[in-house]
Amino acid sequence: MAIPDYQACMLHLLRYASDGAEHTLKDAVPALADTFQLTDAERSELLPSGQQAIFHNRVAWANTYLKKAGLLRAPRRGFFTITDRGKSVLAQNPSRIDRNFLEQFPEFLEFVSKSKAGSEADLVQSREPSTIETPLESLEAAYEKIRGELKRRAGGSFKGRGS
């Protein structure tokens with residue numbers, strides 16, 4: 001199985017939080033990886049920067065978007081829990097939660113509209129919308145593309161990050 005995109009993680013993360021307890025991403029990521037039956041290689045596959053696992057990054061972005069829509073909340077730093085709205089959404093038994101689904105919530109629309117020029121969200125929105133890449137993945141892909149072009153123009157002698 002391929003590593004699921006961040007939107008595919010949203011419903012599963014909300015279900016994970018449905019017990020009403022406080023959770024951390026540190027605990028949620030392996031639980032969701034088990035749900036998606038990811039291999040050890042898929043669990044440890046890194047972003048191009050080599051700084052973070054792709055799946056962890058995608059679960060983190062799912063968490064952020066669910067919080068912005070008011071389905072999860074952060075009772076304290078590093079923790080999340082389901083909200084009454086989140087419970088209500090799960091009671092509707094949706095087949096999928098994605099950005100389009102979250103647009104029904106004013107808080108999410110406000111979050112999207114407040115994106116400033118040059119932010120990660122704006123960079124993603126200026127490209128063809130992606131259901132696979134998180135904003136950080138989009139930035140890293142753009143960086144690698146620019147780096148490759150600079151290297152090509154410099155006749156292969158360009159030394160950038162990771163060279």
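The values are calculated or read from the model by the stated rules, or taken from the named source; none is laboratory data. Not measured: the values here are computed from a predicted model. Virtual Cβ from ideal backbone geometry, glycine too; neighbours counted across all protein chains shown.
Data table
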{"read-out": "Pairs where the first residue, in region 139-163, is closer than 19 Å to residue 50 by Cβ and the second is of a type in the set (A, V, I, L, M, F, W, C) and modelled with pLDDT under 75, C-beta under 8 Å, 6+ apart", "value": "139/123; 142/123; 147/158; 151/158"}
{"read-out": "Filtered residues of region 1-40 (kept if part of a loop (DSSP other than H, G, I, E, B), farther than 14 Å from residue 83 by Cβ and not aliphatic (A, V, I, L, M))", "value": "4, 5, 24, 36, 37, 39"}
{"read-out": "Residue within region 67-89 that is in contact with a Leu (Cβ under 8 Å, 6 or more places away or on another chain), within 30 Å of residue 146 (Cβ to Cβ) and among the aliphatic types (A, V, I, L, M) present", "value": "no"}
{"read-out": "Condition check for residue 100: assigned to a helix (DSSP H, G or I), touching a residue at least 12 places away in the same chain (Cβ under 8 Å) and under 16 Å from the mean Cα position of the chain (by Cα)", "value": "no"}
{"read-out": "Candidates 74, 53 - the one that is without any contact (Cβ under 8 Å) to a residue 60 or more places away in the chain, under 14 Å from the mean Cα position of the chain (by Cα) and surrounded by fewer than 20 Cβ atoms within 10 Å (Cβ to Cβ)", "value": "53"}
